[in-house]
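Novice: Below you will find the structure I want to go over with you.
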């Protein structure tokens, strides 16, 4: 459900950019993490049936279009990953 909503919002965004003929430095895509969070928040409204599904989907698409990320080609730096062996260190000696 989330991927379908993201795909539909992305298509709508691409069409609006083509219609406006706006030049941007990078291409943009919808932020998937934010989209899943929005869907989780709106899922009770969708399943309750108190409001029409189309209006809820339109509101969610409008919210998704606010959260875009630039797609930067040929990134030159690596992502830094923090590496931890364990969450807590284990001390095997006597405590007292």
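The values are calculated or read from the model by the stated rules, or taken from the named source; none is laboratory data. Computed from a predicted structure; not experimentally measured. Here the Cβ positions follow ideal geometry from the backbone for every residue, glycine too, while neighbour counts run over all protein chains shown.
Novice: Looking at 31, 74, which is the one that is in contact with a strand residue (DSSP E or B) (Cβ under 8 Å, 6 or more places away or on another chain) and either without any contact (Cβ under 8 Å) to a residue 60 or more places away in the chain or surrounded by 10 or more Cβ atoms within 10 Å (Cβ to Cβ) (or both)?
Specialist: None of the other options fit; the residue is 31.
Novice: Could you tell me how many of the residues in the range 48-65 are assigned to a loop (DSSP other than H, G, I, E, B) and either at positive phi or surrounded by 10 or more Cβ atoms within 10 Å (Cβ to Cβ) (or both)?
Specialist: The number of residues fulfilling the criteria is 3.
Novice: Follow-up question, since we're still on this one. Give me a count of the residues in the range 1-42 that are in contact with a helix residue (DSSP H, G or I) (Cβ under 9 Å, 6 or more places away or on another chain), at pLDDT below 85 and farther than 25 Å from residue 73 by Cβ.
Specialist: Counting residues in the range 1-42 that are in contact with a helix residue (DSSP H, G or I) (Cβ under 9 Å, 6 or more places away or on another chain), at pLDDT below 85 and farther than 25 Å from residue 73 by Cβ gives 3.
Novice: Can you pull out every residue in the range 2-14 that is under 15 Å from residue 58 (Cβ atoms) and out of contact with any strand residue (DSSP E or B) (no Cβ under 6 Å at 6 or more places or on another chain)?
Specialist: Scanning the range 2-14 gives 4, 5, 8, 11, 12, 13.
Novice: Now, a different point. Taking the condition of being under 17 Å from residue 12 (Cβ atoms) and touching a residue at least 24 places away in the same chain (Cβ under 8 Å), how many residues in the range 46-70 meet it?
Specialist: Residues meeting the conditions: 9.
Novice: Can residue 90 be described as at pLDDT 85 or above and out of contact with any helix residue (DSSP H, G or I) (no Cβ under 8 Å at 6 or more places or on another chain)?
Specialist: no
Novice: If you check residue 23 against the conditions, is it within 12 Å of the chain's Cα centre (by Cα), assigned to a loop (DSSP other than H, G, I, E, B) and exposed (fewer than 13 other Cβ atoms within 10 Å of the Cβ)?
Specialist: Judged against the criteria, residue 23 is not a match.
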